[in-house]
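S.K.: Sharing a structure, written as structure tokens. Questions coming.
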Amino acid sequence: MGWAVEQFERPTVAITVTALLLALVGLTLYFFWRSHKVRASRDSALERERRLRGQFEAVLSSARDGVIIVTQADEIALISDVAAEILGVTRSDAVGLPIARLNLRAFDEQMHPILMREAFGIGRTDTKPRIVGVPGRRGAEDVRWVQVRARVIPDSLDDGPVTVVTMMDTSGLREAAEALNRSDAQFRKAMENAPVGMALVDLEWRLMEVNRSFAEMMGATVAALRGTPFSALSHPHDINAERDQLQRLYDGHQSQFTCEKRYVRADGNVVWAVLDVGLVRYAGGAPDHYVVQVRDSTDDRMHSELMAHRAMHDPLTGLANRTLLQDVLQQVLEQPDALTRVGVIAVDLDGFKGLNDRFGHAIGDNALVHVAGVLRTATAGRGTVARIGGDEFVIVVQDGDCSKALFEIAGAIHQGLKRPVQVKRHQITLHASVGIAMADEDTTEGGAPSLMSAADAAMYRAKSSGKSRTEVFEPSMRSASETHSALASELAVAIEEGQLVLHYQPILELSTRTVVGYEALVRWQHPTRGLLLPGSFLPLIEDKNLSVTLGMALVDQAAQFLATGPSPSMWVSLNVSADQLGDSEFADRVLSAIGRYHLSPQRMVIELTEASLVAPNTRIRHELTELRNAGVPILLDDFGTGVSPLSYLRDLPVSGVKLDMSFVAGIPEDPAGARVSRALGALARELGLATIAEGIETEAQAEFLARCGWRYGQGWLFGVAQPAGALHETVPQFTTSLIDPRPQENDSPLEIDDRTY
């Protein structure tokens with residue numbers, strides 16, 4: 001021990017020992033520092049690995065594709081959230097599990113089962129992706145289609161290479177593609193079978209695809225129309241009809257447009273079509289193609305033109321009507337040379353009412369059609385011919401030598417009317433009064449109505465001067481026209497003041513020649529012009545729409561006459577037009593008057609004309625039924641001359657009929673008229689209707705009608721219409737013979753002379 005101490009006391013030994021101790025301490029510090037540095041580096045590496053793993057996990061979770069890493073032993077080393085969601089598994093359960101034990105079924109695109117290892121390509125690198133089916137989320141029958149791609153990465157782990165599998169759920173894309181295919185198929189199916197024409201047109205306005213309806217409309221085939229320029233089908237006048245709107249559609253100023261134009265079919269015929277055009281654009285907004293719907297509007301166009309023609313033309317003769325005439329006349333009067341080139345001819349037939357009364361309205365219509373043809377021929381394209389009502393015609397003439405043309409046309413009218421019209425077995429020559437008016441400063445300033453009024457004044461002068469002649473307008477004629485206008489303006493006041501009065505024509509029982517009743521006929525007792533017959537004012541009443549007001553006033557006059565008349569058992573028939581029917585006011589007025597004067601309803605008889613009931617509406621029929629049910633008889637006037645008398649007898653509540661005077665005029669000399677009168681009487685009696693013959697002028701006619709079974713008669717033979725005061729002074733012999741409002745079929749018909757007439 002002492003030796004050791006002695007040795008340390010030696011300087012050299014002490015220095016050596018100290019150096020060794022310092023070296024040991026240094027080594028210790030060095031190794032401590034190095035160990036600390038290694039630990040820090042390891043901790044840094046672990047932190048970096050942790051951050052990288054977090055980033056990797058974030059990338060996997062945010063990626064659209066799912067990722068699975070499978071080891072060489074087929075164990076799942078890693079599975080992303082997306083892959084787990086696609087396969088319907090949890091990550092914790094799947095990691096470390098052999099892929100074959102995922103308890104999944106896999107299918108190829110033909111729905112054949114395949115192994116999971118084969119489905120996901122474990123152990124191989126795919127050159128292109130595959131489509132694999134796995135169970136879906138909506139039940140056992142649901143399949144989710146997944147796009148799979150595998151890649152082998154060698155030496156990635158200590159135990160060998162791994163397979164990285166990426167997968168993408170394509171079910172949505174597949175469903176979208178299938179939906180798109182279905183939509184496309186449905187569109188094409190709908191297009192092919194659409195009842196209207198449809199076409200897909202490229203941006204050069206060339207047909208890409210058309211349906212059968214479009215091809216049939218164009219008289220071609222679908223194959224022939226593909227690739228055809230759409231404009232090549234257009235009518236030459238309509239080629240550019242849609243050009244401007246197509247440009248606006250292309251530029252985005254409108255989303256679609258509609259236009260109507262003409263096309264020429266393959267057979268040369270022209271069709272009208274309505275085009276509805278829309279532009280289909282790409283997702284970015286660039287134009288792609290047009291979708292066009294083409295509807296055949298030919299029928300609609302023709303119907304519209306027909307309606308427009310009917311609105312401007314007379315349905316019987318086809319001539320222009322009053323509306324079109326006034327438009328044409330106003331247009332020609334506004335031309336700068338109207339004073340030397342324009343004139344008007346007014347034409348009115350002479351005695352046309354007598355023709356209608358004798359032969360019926362059907363024959364009258366035939367005569368009007370004949371006159372229309374005469375006027376067209378006489379005008380020879382030098383003007384517009386119009387029928388403005390009844391037997392009134394007007395011709396607007398426009399010619400370089402208008403004065404000469406007017407007289408030539410007027411002369412041709414008279415000459416043309418000399419050719420007789422065949423009516424039954426008779427040949428009838430028509431005549432007309434013609435008025436001419438040339439445009440002058442006054443008539444041009446007054447417009448179309450002024451010039452037409454001047455021609456009318458000249459025509460009325462022709463009538464008053466002997467008819468069947470031509471008169472030229474002169475200013476002095478305006479007074480007559482103004483008188484006519486003044487008369488029209490006085491009508492409403494005249495009705496209110498009771499100036500329109502009833503005269504009564506007797507109706508007799510033919511077998512006894514005793515009076516049973518009267519027909520009430522209206523007259524105008526004008527304070528300054530004297531007694532005016534219906535022909536001078538009834539047309540004015542219709543123009544002024546005063547027929548309802550007049551009918552109400554005359555009902556009270558007739559009821560008062562019955563209450564104070566020469567016989568308490570007679571009846572009065574009152575003429576009623578369709579204008580006065582149609583609401584309950586007229587029926588109420590009749591029934592009120594009957595009650596106020598304490599009359600039997602059978603004494604007030606309503607007399608209708610077939611011409612006013614060509615199309616009786618429900619309200620008219622209802623009002624007539626209301627009157628008949630109250631006991632008021634209904635007579636059908638002008639029997640046999642209307643359009644459908646048999647339907648009237650069936651549909652209307654008729655109590656009796658009046659034989660039109662046109663059938664009476666020819667008997668007994670006219671065998672045909674005699675047979676018709678006899679047949680009509682037999683028909684009426686078979687239905688139990690009262691029978692009245694009007695227009696009897698001779699004893700022979702009265703005797704013949706009585707033998708044919710006509711019970712009542714009236715006419716000039718028995719007396720003309722007289723005012724009520726005159727009938728009170730001369731009291732004829734009366735017989736009580738009322739008309740049954742509800743006729744019954746006769747059980748014992750009258751014995752009729754069966755000789756042939």
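The values are calculated or read from the model by the stated rules, or taken from the named source; none is laboratory data. Keep in mind it's a predicted model, so treat the numbers as computed, not measured. Cβ: placed from backbone, ideal geometry, glycine included. Neighbour counts: every protein chain shown. Surface areas here come from the heavy atoms of the whole protein model, side chains and all, with no ligands, DNA or RNA. Shrake-Rupley method; radii C 1.70, N 1.55, O 1.52, S 1.80 Å.
S.K.: Tell me yes or no: at least one residue of the stretch 721-740 is in contact (Cβ under 8 Å) with a residue 12 or more places away in the chain, on the phi > 0 side of the Ramachandran plot and surrounded by fewer than 22 Cβ atoms within 10 Å (Cβ to Cβ). Write out each step before concluding.
M.R.: Looking only at the stretch 721-740, we keep the residues that are in contact (Cβ under 8 Å) with a residue 12 or more places away in the chain, and these are 721-724, 727-728, 731-740.
Then keep just the ones that are on the phi > 0 side of the Ramachandran plot; that gives none.
Checking the stretch 721-740: not a single residue is in contact (Cβ under 8 Å) with a residue 12 or more places away in the chain, on the phi > 0 side of the Ramachandran plot and surrounded by fewer than 22 Cβ atoms within 10 Å (Cβ to Cβ).
S.K.: Given the condition among the small types (G, A, S), under 22 Å from D244 (Cβ atoms) and in contact (Cβ under 8 Å) with a residue 12 or more places away in the chain, answer yes or no: does some residue in the stretch 292-305 qualify? Quick ask: steps written out before the conclusion?
M.R.: Start the filter on the stretch 292-305 by keeping residues that are among the small types (G, A, S), which leaves 297, 304.
Remaining after also requiring under 22 Å from D244 (Cβ atoms): 297.
The next check asks that each one be in contact (Cβ under 8 Å) with a residue 12 or more places away in the chain; those that pass are 297.
Looking for residues that are among the small types (G, A, S), under 22 Å from D244 (Cβ atoms) and in contact (Cβ under 8 Å) with a residue 12 or more places away in the chain, one finds at least one in the stretch 292-305, hence yes.
S.K.: If I ask for residues that are open to solvent by 50 Å² or more (accessible area, probe 1.4 Å), modelled with pLDDT of 65 or more and out of contact with any Asp or Glu (no Cβ under 8 Å at 6 or more places or on another chain), which ones from the stretch 603-627 would you list? Write out each step before concluding.
M.R.: Within the stretch 603-627, the first condition is being open to solvent by 50 Å² or more (accessible area, probe 1.4 Å), and the residues that meet it are 611, 614-615, 617-619, 621-622, 626.
From what's left, modelled with pLDDT of 65 or more: 619, 621-622, 626.
Hits for the stretch 603-627 are H622, E626.
S.K.: Which residues, taken from the stretch 470-495, are crowded, with 17+ Cβ neighbours inside 10 Å and either over 20 Å from I345 (Cβ atoms) or at pLDDT below 80 (or both)? If you could, list the steps in order and put the result at the bottom.
M.R.: First, the residues of the stretch 470-495 that are crowded, with 17+ Cβ neighbours inside 10 Å: 470-473, 477, 481, 487, 490-491, 494-495.
Matches in the stretch 470-495: M477, S481, L487, E490, L491, A494, I495.
S.K.: Condition first: under 24 Å from S662 (Cβ atoms) and among the basic types (K, R). Can you find one or more residues in the stretch 393-405 that meet it?
M.R.: Scanning the stretch 393-405, I find no residue that is under 24 Å from S662 (Cβ atoms) and among the basic types (K, R), so the answer is no.
S.K.: Something else about it: How about the stretch 684-711: which of its residues are open to solvent by 50 Å² or more (accessible area, probe 1.4 Å) and either free of Cβ contacts under 8 Å to residues at least 12 places away in the same chain or of a type in the set (S, T, N, Q) (or both)? Talk me through it step by step, then tell me what you get.
M.R.: Residues of the stretch 684-711 that are open to solvent by 50 Å² or more (accessible area, probe 1.4 Å), as a first pass: 686-687, 697-699, 703, 707, 711.
T698, E703 - these are the residues of the stretch 684-711 that are open to solvent by 50 Å² or more (accessible area, probe 1.4 Å) and either free of Cβ contacts under 8 Å to residues at least 12 places away in the same chain or of a type in the set (S, T, N, Q) (or both).
S.K.: Go through the stretch 121-141 and give me each residue that's open to solvent by less than 30 Å² (accessible area, probe 1.4 Å) and among the acidic types (D, E). It would help to see each step written out before you state the result.
M.R.: So in the stretch 121-141, the residues open to solvent by less than 30 Å² (accessible area, probe 1.4 Å) come out as 121-122, 126, 132-134, 136.
Selection gives D126 alone.
S.K.: Please work out which residue is most open to solvent (accessible area, probe 1.4 Å), limiting yourself to the stretch 576-601 and to residues that are at pLDDT below 90 and not in a helix (DSSP H, G or I).
M.R.: Ranking the qualifying residues of the stretch 576-601, first place goes to D583.
S.K.: Could you list, in sequence order, all residues of the stretch 119-131 that are outside any loop (DSSP other than H, G, I, E, B) and over 12 Å from T166 (Cβ atoms)?
M.R.: Going through the stretch 119-131, the residues outside any loop (DSSP other than H, G, I, E, B) turn out to be 119, 130-131.
If the condition is that a residue be outside any loop (DSSP other than H, G, I, E, B) and over 12 Å from T166 (Cβ atoms), then A119, I131 are the ones that fit.
S.K.: Tell me, which helices (runs of 4 or more DSSP H) wholly within the stretch 333-399 include 1 or more residues that are modelled with pLDDT of 90 or more?
M.R.: Working: elements: 338-341, 352-359, 361-379.
Here the list reads 361-379.
S.K.: Then there's this: Can you spot a residue in the stretch 87-94 that is within 60 Å of the chain's Cα centre (by Cα) and assigned to a loop (DSSP other than H, G, I, E, B)? Give the derivation first.
M.R.: Start the filter on the stretch 87-94 by keeping residues that are within 60 Å of the chain's Cα centre (by Cα), which leaves none.
The answer is no, given that none of the residues of the stretch 87-94 is within 60 Å of the chain's Cα centre (by Cα) and assigned to a loop (DSSP other than H, G, I, E, B).
S.K.: Contact list please: Cβ distance under 8 Å, first residue in the stretch 512-541 and under 21 Å from Q602 (Cα atoms) and of a type in the set (S, T, N, Q), second residue in a strand (DSSP E or B) and at pLDDT 90 or above, pairs at least six apart or on different chains.
M.R.: Note: pairs meeting the criteria are T514/L508.
S.K.: Would you tally the residues in the stretch 188-208 being under 17 Å from V274 (Cα atoms), at pLDDT 80 or above, in a loop (DSSP other than H, G, I, E, B) and open to solvent by 30 Å² or more (accessible area, probe 1.4 Å)?
M.R.: Going through the stretch 188-208 one residue at a time, the tally reaches 1.
S.K.: Continuing with the same structure: Can you pull out the residues in the stretch 278-332 that are assigned to a helix (DSSP H, G or I), over 29 Å from A215 (Cβ atoms) and among the polar types (S, T, N, Q)? Spell out how you get there, then give the answer.
M.R.: Restricting attention to the stretch 278-332, the residues satisfying the condition of being assigned to a helix (DSSP H, G or I) are 298-312, 322-332.
Still in the list and also over 29 Å from A215 (Cβ atoms): 307-312, 322-332.
Of everything in the stretch 278-332, those that are assigned to a helix (DSSP H, G or I), over 29 Å from A215 (Cβ atoms) and among the polar types (S, T, N, Q) turn out to be T323, Q326, Q330, Q331.
S.K.: Is it the case that A283 is more than 30 Å from M217 (Cα to Cα), surrounded by fewer than 18 Cβ atoms within 10 Å (Cβ to Cβ) and among the aliphatic types (A, V, I, L, M)? It would help to see each step written out before you state the result.
M.R.: Values: more than 30 Å from M217 (Cα to Cα): yes; surrounded by fewer than 18 Cβ atoms within 10 Å (Cβ to Cβ): yes; among the aliphatic types (A, V, I, L, M): yes.
So A283 fits the description; yes.
S.K.: In the stretch 30-44, which residues are hydroxyl-bearing (S, T, Y) and open to solvent by 100 Å² or more (accessible area, probe 1.4 Å)?
M.R.: Restricting attention to the stretch 30-44, the residues satisfying the condition of being hydroxyl-bearing (S, T, Y) are 30, 35, 41, 44.
The answer is Y30, and nothing else.
S.K.: Which pairs do you get when a residue that is under 12 Å from I69 (Cα atoms) and in contact (Cβ under 8 Å) with a residue 12 or more places away in the chain, found in the stretch 85-111, comes within reach of a residue that is assigned to a strand (DSSP E or B) and open to solvent by 30 Å² or more (accessible area, probe 1.4 Å), reach meaning Cβ atoms under 9 angstrom, with the pair 6+ apart or on two chains?
M.R.: V95/E75; V95/A77; G96/E75; G96/A77; L97/E75; P98/E75; I99/E75
S.K.: Restricting attention to the stretch 517-532, does a residue exist that is at pLDDT 90 or above, under 23 Å from F704 (Cβ atoms) and of a type in the set (G, A, S)?
M.R.: yes
S.K.: Report, ordered by the first and then the second residue, all pairs with beta carbons closer than 6 Å, sequence separation of six or more or different chains, a first member in the stretch 327-340 that is under 15 Å from G383 (Cβ atoms), and a second member that is open to solvent by 30 Å² or more (accessible area, probe 1.4 Å) and assigned to a helix (DSSP H, G or I).
M.R.: Pairs found: L333/T444; A338/T444.
S.K.: Is it true that some residue in the stretch 343-364 is under 37 Å from the mean Cα position of the chain (by Cα) and open to solvent by 40 Å² or more (accessible area, probe 1.4 Å)?
M.R.: So in the stretch 343-364, the residues under 37 Å from the mean Cα position of the chain (by Cα) come out as 360-364.
Remaining after also requiring open to solvent by 40 Å² or more (accessible area, probe 1.4 Å): 361-362.
Yes, some residue in the stretch 343-364 is under 37 Å from the mean Cα position of the chain (by Cα) and open to solvent by 40 Å² or more (accessible area, probe 1.4 Å).
S.K.: Could you grab me the full set of residues in the stretch 641-662 that are under 18 Å from L717 (Cβ atoms), of a type outside the set (A, V, I, L, M) and either out of contact with any strand residue (DSSP E or B) (no Cβ under 8 Å at 6 or more places or on another chain) or at pLDDT 85 or above (or both)?
M.R.: Let us first name the residues in the stretch 641-662 that are under 18 Å from L717 (Cβ atoms), namely 658-662.
Now restrict to residues that are of a type outside the set (A, V, I, L, M): 658, 660, 662.
Within the stretch 641-662, K658, S662 qualify.
S.K.: Determine whether D327 is surrounded by fewer than 16 Cβ atoms within 10 Å (Cβ to Cβ), among the acidic types (D, E) and over 27 Å from D238 (Cα atoms).
M.R.: Considered against the rule, which asks whether it is surrounded by fewer than 16 Cβ atoms within 10 Å (Cβ to Cβ), among the acidic types (D, E) and over 27 Å from D238 (Cα atoms), D327 comes out as yes.
This table checks each residue for (1) exposed (fewer than 11 other Cβ atoms within 10 Å of the Cβ); (2) at pLDDT 80 or above; (3) of a type in the set (K, R).
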| residue | (1), (2), (3) |
| --- | --- |
| M116 | no, yes, no |
| A119 | no, yes, no |
| D159 | no, no, no |
| T163 | no, yes, no |
| L173 | no, no, no |
| L180 | yes, no, no |
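S.K.: Something else: Would you check which residues across the stretch 209-230 are in a loop (DSSP other than H, G, I, E, B) and buried (at least 19 other Cβ atoms within 10 Å of the Cβ) and list them?
M.R.: So the first thing to find is which residues in the stretch 209-230 are in a loop (DSSP other than H, G, I, E, B), and the list is 211, 218-221, 226-228.
Selection gives N211, M218.
S.K.: Shifting gears a bit: Regarding the stretch 257-270, can at least one residue be identified that is farther than 21 Å from T298 by Cβ, within 30 Å of the chain's Cα centre (by Cα), open to solvent by 60 Å² or more (accessible area, probe 1.4 Å) and not aliphatic (A, V, I, L, M)?
M.R.: no
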